[in-house]
Structure formats: C-alpha cells, structure tokens
Amino acid sequence: MLAWPLVDQMNPSGDTLALASIDVDLSKVIEGGHVTIKWRGKPLFVRYRTQAEIASAVKDDHIDFRDKVRSLDAERHVPGKPQYLVLVGVCTHLGCVPVFNEGEWGGWLCHCHGSQYDTSGRRRAGPAPLNLEVPDIAVLSDTKIKVG
Amino acid sequence: MRRKLSVIAAVLALGVSGVAAGSAAAAENAVLTHQTWSFAGPFGTFDQRSLQRGYKVYREVCSTCHTMNLLSFRNLGEKYGPFYDEKYPNPNDNPYVKSLASSITTIPDINPDTGDAIQRPGVTADHFPDPFPNEIAAKASTGGAIPPDLSVIIKAREGGADYVYSLLKGFDAPPAGLIVPSNLNYNKSYPGDLSSAWHGPKGSHLPPGGLIGMKKPLDDCKVTFDDGTGCTVDQEAKDVVTFLAWASEPKQTERKRLGMWVMIYLVFMAGLAYASYRKVWKNESHG
Amino acid sequence: MSGSPSTYQPKNGFTRWMDARLPILRLAHDSFVDYPTPRNLNYWWTFGAILSFMLGMQIVTGIVLAMHYVPNATMAFKSVEHIMRDVNYGWLVRYLHSNGASMFFIAVYIHMLRGLYYGSFKAPREVLWILGCIIYLLMMATGFLGYALPWGQMSFHGATVITNLFGALPLVGGAIKTWLWGGFSVDNATLNRFFSLHYLLPFMIAGVVILHVWALHVSGQNNPTGVEPKSKADTVPFTPYATVKDGFGVALFAVMFGFFVFFMPNALGDAANYIPANPLVTPQHIVPEWYYLPFYAILRSIDNKLLGVLAMFGSIGLLFILPWLDTSKVRSMRFRPAARTFFIFFVIDALILGWCGHNPTDAYVFRVGAEGPGLTVKVLAQIGTFYWFVYFVAITPLLGKFEKTLPVPDTISSPVLSGAATAEKA
C-alpha cells in the first residue's frame, strides 16, 4: 500500500521500542511490600506476598470471576516464585491507577469508579471488565526478572 | 413564548455555571476556613509588605523542601511584585532584588575555566534553586512524600488561597482513636479518607481531614518580620499565602486593571452597536 | 437566495478590471451585502456570526501561542507558564484561547438548539445541517487535542481515558491504541502528534464552514415562523440590516467573553490541570471540560465498555440523521406546542447529563439517611441517556405523526399584517 509509510510513521519509533523491556531486581521488595516501577510509561506493581495472601488467592481460584481468562493464581504470579506478583498497575476499566491495600479483597481499589482487585490482581467488584494485566515475564536469575 | 425561550436561556446559563461550580462530592469532610484576601475579586490588589513578609517565610521555611522552579529572582522586582521599586522599572537593575539573589550562594553552575560543577551566588536571572537534586532525593529525605512545587500551587488546588491557608493552620492534634503512621501527620484540612485509620468509639463520625506527609511547617515566630509585624502562625500563614497567590500568577493585577478598561470599552461599543441597530432598522418592520 | 441575478455594479476602473478576472468582490457583494435575509430573524440567529468571530479568535490566538509553546512532555507545562509570565501579553493570549474554547462551545450549543427548535435542519437544509454536525465533531476533536497540550494532570489522564476507549473495539482495538499513542501509553509521542493535529483541524473546520455558508446561501436562512420568504416584502438586504444586528450580538457576546477572560479566567477549567502530568498518580476525579460532560455521562452510564462507547458516539450520530427522523409537516416549534414541551425536557436532560458527567458515578443525588437506598449519579445518567435516545428515535418521529399543530401563517409578514396572531411571538 502506497499510504503505508504515512500510517506506519505513527507506530512506536525505535527509541520507544528500546524501552519496551526492563529488568527488575526482586530483592528490592520486602515481604508484604509493594513497589511501583515505571514500564512503558505505565506503572508496574511488584508485590512480595505473605503466605496468608498467597493462600487467600489460591483459595478463591475457582469462584466465578467476571474475567475467566488467566484467573488461576498459579497462572498469574512470577513463574516458579508464588510470593512475587508482577502486574500492570492500570485499571482495566478506564485506565486509572488503583491504590494498594484498599478495598475488601486484600488487593487494590481503583478510586475512579470503584473497581476492586484481590490478592492475585483479579477483578472482584466494580465496572472493570478484566483482571489486572500480567505482562510477559522471563526469569533471569533467583532475584532478577525481565518484564516485557 | 418569548418568556418561555428566555427561561430556556436562563436555565442553560444556570446549567453551565452550575456544572462549572457544583459537585456532589465537593471537598468532602475537610475543614475550609474562608478569609477575606486583599487580592480577591475584580479590584483585588496585593499588599506589598505582606508579599515581602510572605517571601521571607517561603525563603526561610518552605524552600528547605519545596521547589518553586517557575519563579526567578527578577520576578520579585516586577511591577505589582514584592520588591518592585518604581525607580527601577527593569527588575534586573533593582539593587534589593540583586542582593536577595546573591544572598543565595548555592546556585549550581559550571566553572567557566575548568568545566567543573560548582556552586555560585545567584543573579537576578536565576530561577529559585531546588533544595534537592531530584525528586527521588526529595522523597528519601521526607519519608516518602514528594513536596509539590509551589509556583502555581494556589491555582492547582480546589479552594485556592483559602485551602492553602486552612492547610497551614490545620495541624491539630489527632483525635483519640486515630492511628497516625510515623511518616504521616494529621491535618484537618487535607482531603483524604481516614476510614482505615479511625478506631474511635462505635457510631462516632469520622474526624475531618486526612493524613499528609508534611510536618507542621509554621510555629509562632519561626520567622521574624523586619517591619515589626507580629509573627504568629496566623500572620505567617496569611503572608505566605499572599506571596504564593502572587507567585501563581504575577500578571493578575495587570489583568484586572486592563480588564476594567476593556469592559468599559466593550460595554460602550455594545451600546454604540445597539444604537446603530435601532437606527438602521428604524423604519423597517421585523416581520 | 442563490439563483437570483447579481446586482453588483463595479464603480471604478480597478473594480471593473478585478471583476473581469476574479469576481471576488462580486461574490462578497452578492453573499453578504445584497443577499436577501428574512426580516423576522431574532437574536438566536446572531450566533452564526458569533461563531465565525470565535473561530477567527481561536485561530489567531492559537497561532500566536504556537510561537511560544513547546510540544514536548518535559517542556510543555513550563512553556505555558513561560507564556503566562514572560511573553508580553502572553497571559492575555492564553486566557483568550482557553476561555475562547468554552465560549465557542456555548455559542455552538445555542446555535444547534436554535436549529432544533425552529426546524432549520429540515428539507431543503439537510446538507447544511449535516455540514454543521461535521463542524461540531471537528470542534470536539480539536478541543480534546488542545486540552492535552498544557500537559497537566487532567490533560494527561483525560487523554489516557479517551484513547483507552479505542481498546473497546474488538480485534483491532489494541493495535489502534498503540498506533494512536505512538507507544505503549500516552507519552511524548502522543503529545507531539496531538499538537500537530490540533493545529491542522481548525483549518479543516474553516473549510467546512465555507461549505456550510455556501449551502446556507443556496436555500436561504430559515426564520422563526418556519415559512419560506415568498416575496421581497419578507426580506431585507443582509447589509446593513443583518450586519448591524450581528454586530450587536457579537458585541454582547464579547462582553460575556471579556468577563471570563479578565475576572474569572479559570472558572470553567479544573484546578488539577495546574499540576504537571504524572502518569503514576491518578487524580481523584477525572473530568473532561464542561462541553463534553453530557457525553461523558452517557459513556459511563453503561457498564459494557464497547456499548458505552457506541452509545456516546451514537448520541451524536443521531443528529446526522435528524432530518429523516423528524416527520413533522410544520417546521418551527413556535407552532408545535407538544414538540416544544419535549424539546424543553431535552434541554433539561442535557443539563442533567452534564451535571452527572461532572460527578463520580457512585455518588448519591439524594439518599434516605446515611446508609439507605437512594438515587446514584449513575442511575440518573442512565435515565438521562434513555430520554436522549428516546427523544430522537421515538418521540421526534411519532410527534410528527400525531401532534396537533397551531395554524401556520402564510407568509413571514402576515403575523402582523393580517392580525392572525393566534401564535404568540416566540
């Protein structure tokens, strides 16, 4: 198509694509802690969950979620490390940043329109249609992962 | 029917203004004290002495944590500003402004001979210096909160001058039953949700306000004023808010002055336009 | 009316020479001097001229701002403050532009409501109306792009919310979002292209305005009776009669405009936009500018993201087909009392929806006690959305079939001459 260059110029440019992946050092997060990192211009939530939080997430694995895709806790935590949860911190309703440790499900509450997420980042209440997004994660070492 | 259409028009106008002003959830549950400010309203002006005292409060108290990077020392000498002197219409010539600038000796710069990073005394063209090299350093030194830049703070907050004044005076002792984390402070005028920190008697109302990262910044006579004005927290708060209100829009006095003349002109022109309209249509019927 | 022979007589050598080569003076004379205009136009008809004035104002102030504004994420907010503080009269140009946008929308809503009330969209003015709808859509786009430019909190998060809507489209949604953003979220690439498009669109608006005025001159103006001019007695030459009335309308409008610019320049804006954009901090209440509020309310009233988007665009899309939805034989609501009632409800509905758009959806309009049942903003918005669609899709077509209309005068001049004043002047 002759017009393709005119269209493709608006797709992400080289420098933007270079920032598409970051390495995250998991040892920086304390147990029970929650850290927000900037990735692709969006907030990335990195959590070190306590045993109790992991247990409550697994316990709810089979309830009727609005978003059934990737709703098992085992599919959502960092591969091989159930204590680490890495999620895109963008509410799936209209894009606001949910706040940690608020709401009734032990996870996040989005102040914009009241969506709530549980300890595995799954949508439990409010207008959000989907669970919090799990990005592509590659485990590089015991303490390092590559996101994106 | 003309009346009915005028009603529609009035409802439209009310609706627009209502939408602009009204809110089902305005400053929920925070104490807002209203003040009469000399700069409020279409004929408002700034009291120069108050601006000067306010600058002193900013320089000695607030600037230890808060940046104000849209302001330069030369702004202090501009017309309607704190240190304006009509003998020096160009603020860069104003000797007092020059001395205020040079009293700050920590302006980062580069040694012109060696290229090394140095610090030097300020000149009128310099921006107000930042207390920290970057936001992360600011966050680390305050216990997790980034102090907002104060250049436009009065315009950046609902309630404007009243809000900032109430906030500075709102550091009451936390009511019994409120758990305040060590890196936060209770303030009755700060918007927030205290429900997770409130463990008061059952059925009691949530106290007003919220938890803010800033510690109480003002104390009686934390700053002493050279003109002998009493240095209470209230006075310091009033003066620093007046200074911040000026800093948010230094051109506002000019705007209101020009506005008065422009409105007189426009109303006059509208009158002329109406007279022309009546003259042109004098002998024609409107259908 | 187009079709009547031109009466232009070039008076001197130069104008005769020019007329033989490019008859632009003839065009100006025929369109804006000699052009027959109904004599009974009321003040609602001055808003066309007001809108032309405002378009000129926005373009001139916009081009001046563009000489000083920097469309880069690290510099944008600072460059606007540079305009406000250091550029000579920069504060005036900036406030004229930001308040001018609000004034532009106030005028366009009044102009459109006039069209709805007096049936100006009906045959033979369907294309005129549709061109107007296109201008309105272009204005909405321009306003959205422009609001992002100061790169405040509302600029950034408002842009995020609206561009995220495209994610609702099945299959292509994600790819379209990335393409619009130029990255993986609203960022510098987005800001830069928003600036480019914000500069472009007003000239497209100007082009469509030319078509709009051309279409208008083919059919001639509508008028408050809805009855077409039948003879010379019904019209007056545009200059000086309409020119001087438009001049007065523009002067009054300028007084209102001046009041905002000089004494309450931030009243129609949001304080949060004076906070520099921060992707990691979302403001408590993300609210668009007031002129989008009814449509924002419609969007949020529907839980399903895709349906909400379709409802929002559909509510404006209905306007395009209005000439075919309205079945009334009578043009002006001056003679359609039932239609007038439903129209007034529509205007009130739009205001209520606007109020809903400004408030959080879970807030209560009123509530029984502190914990009891009540009416939430969301439910009120749903009622409002329902009436909006029912008004256009059901009420408007059915009214034409079943309403009782008042007797329509024969000519524009007859309500006064023949004494057939059963209809009050509206």
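The values are calculated or read from the model by the stated rules, or taken from the named source; none is laboratory data. Here the structure is a predicted model, which means the values were calculated and not measured. Note that each Cβ is placed from the backbone with ideal geometry, even for glycine, and that neighbours are counted across all protein chains shown.
Descriptive notes on the structure:
- Subset tally (residues that are of a type in the set (Gly, Ala, Ser) and within 7 Å of chain C (Cβ to nearest Cβ)) for the stretch B:250-271: 2
- Of the criteria (1) more than 7 Å from every other protein chain (Cβ to nearest Cβ); (2) in contact with a strand residue (DSSP E or B) (Cβ under 9 Å, 6 or more places away or on another chain); (3) not polar (S, T, N, Q), which one C:Val309 fails: (2)
- Per the conditions (1) more than 24 Å from the chain's Cα centre (by Cα); (2) away from every other protein chain (no Cβ under 13 Å); (3) β-branched (Val, Ile, Thr), the sole criterion not satisfied by C:Ile59 is (1).
- The stretch C:252-270: number of residues that are closer than 16 Å to B:Lys251 by Cα and not in a helix (DSSP H, G or I): 3
- Which numbered condition A:Val58 misses (of (1) closer than 23 Å to A:Lys146 by Cβ; (2) surrounded by fewer than 20 Cβ atoms within 10 Å (Cβ to Cβ)): (1)
- Considering the stretch A:61-95, the residues that are touching a helix residue (DSSP H, G or I) at 6+ places or on another chain (Cβ under 7 Å) and assigned to a loop (DSSP other than H, G, I, E, B) include one that is farthest from A:Gly32 (Cα to Cα), namely A:Leu94.
- If you filter the stretch A:44-68 down to residues that are within 14 Å of the chain's Cα centre (by Cα) and in contact (Cβ under 8 Å) with a residue 60 or more places away in the chain, you find that the one that is farthest from A:Ile137 (Cα to Cα) is A:Arg49.
- For the stretch C:291-300, the set of residues classified as crowded, with 24+ Cβ neighbours inside 10 Å and either free of Cβ contacts under 8 Å to residues at least 24 places away in the same chain or more than 11 Å from every other protein chain (Cβ to nearest Cβ) (or both) consists of C:Ile298 only.
- Contact map, the stretch C:125-143: residues that are under 25 Å from C:Pro288 (Cα atoms) paired with residues that are of a type in the set (Asp, Glu) and not in a helix (DSSP H, G or I), Cβ distance under 9 Å, separation 6+ or inter-chain. Pairs shown: C:Gly143/C:Glu289.
- Candidate set from the stretch A:36-50 (those that are assigned to a strand (DSSP E or B) and more than 9 Å from chain C (Cβ to nearest Cβ)); member that is surrounded by the fewest Cβ atoms within 10 Å (Cβ to Cβ): A:Ile37
- When B:Ala156 is tested against (1) farther than 30 Å from C:Glu81 by Cβ; (2) in a loop (DSSP other than H, G, I, E, B); (3) not acidic (Asp, Glu), only condition (1) is not met.
- Taking residues in the stretch C:159-176 that are more than 8 Å from every other protein chain (Cβ to nearest Cβ), and partners anywhere that are among the charged types (D, E, K, R) and part of a helix (DSSP H, G or I), the pairs with Cβ atoms closer than 7 Å and at least 6 places apart or on different chains are C:Thr163/C:Lys177; C:Phe166/C:Lys177; C:Gly167/C:Lys177; C:Ala168/C:Lys305.
- Considering the stretch C:366-415, and only residues there that are of a type outside the set (S, T, N, Q) and assigned to a strand (DSSP E or B), the residue that is farthest from C:Trp324 (Cα to Cα) turns out to be C:Arg367.
- For the residues B:Ala270, B:Ala176, B:Ala275, the requirement of being part of a loop (DSSP other than H, G, I, E, B), over 29 Å from the mean Cα position of the chain (by Cα) and among the hydrophobic types (A, V, I, L, M, F, W, C) singles out B:Ala176.
- Taking the listed residues B:Leu218, B:Leu244, B:Leu194, the one that is surrounded by 16 or more Cβ atoms within 10 Å (Cβ to Cβ), in contact with a Pro (Cβ under 7 Å, 6 or more places away or on another chain) and closer than 20 Å to B:Ala30 by Cβ is B:Leu194, with no other qualifying.
- From C:Thr282, C:Thr376, residue being of a type in the set (Ser, Thr, Tyr) and surrounded by fewer than 22 Cβ atoms within 10 Å (Cβ to Cβ): C:Thr376
- Taking the criterion of being touching a helix residue (DSSP H, G or I) at 6+ places or on another chain (Cβ under 6 Å) and β-branched (Val, Ile, Thr), the residues of the stretch C:184-242 that qualify are C:Val186, C:Thr190, C:Ile205, C:Val208.
- Where C:Leu398 falls short, out of the listed (1) at pLDDT below 95; (2) within 18 Å of C:Phe121 (Cβ to Cβ): (1)
- Members of the stretch C:62-95 found to be within 11 Å of chain B (Cβ to nearest Cβ), part of a helix (DSSP H, G or I) and either β-branched (Val, Ile, Thr) or touching a residue at least 60 places away in the same chain (Cβ under 8 Å) (or both), listed by number: C:Phe77, C:Val80, C:Ile83, C:Leu92, C:Tyr95
- Subset of the stretch B:168-191 [touching a residue at least 40 places away in the same chain (Cβ under 8 Å) and surrounded by fewer than 19 Cβ atoms within 10 Å (Cβ to Cβ)]: B:Asn183
- When B:Lys87 is tested against (1) among the basic types (Lys, Arg); (2) surrounded by fewer than 13 Cβ atoms within 10 Å (Cβ to Cβ); (3) touching a residue at least 12 places away in the same chain (Cβ under 8 Å), just one condition goes unmet, and that condition is (3).
- Qualifying helices (runs of 4 or more DSSP H) (wholly inside the stretch B:40-143; at least 1 residues being in contact with a Lys or Arg (Cβ under 8 Å, 6 or more places away or on another chain)): B:48-60, B:95-102
- Residues (closer than 16 Å to B:Ser63 by Cα and either within 8 Å of chain C (Cβ to nearest Cβ) or assigned to a helix (DSSP H, G or I) (or both)) located in the stretch B:216-241: B:Glu236, B:Ala237, B:Asp239, B:Val240, B:Val241
- A single member of C:Gly115, C:Gly100, C:Gly119, C:Gly132 is farther than 30 Å from A:Cys91 by Cα, in contact with a Lys or Arg (Cβ under 7 Å, 6 or more places away or on another chain), modelled with pLDDT of 95 or more and away from chain A (no Cβ under 14 Å), and it is C:Gly119.
- Residues located in the stretch C:312-332, provided they are outside any helix (DSSP H, G or I), more than 14 Å from chain B (Cβ to nearest Cβ) and either more than 30 Å from C:Glu228 (Cβ to Cβ) or in contact (Cβ under 8 Å) with a residue 12 or more places away in the chain (or both): C:Asp326, C:Thr327, C:Ser328, C:Lys329, C:Val330, C:Arg331
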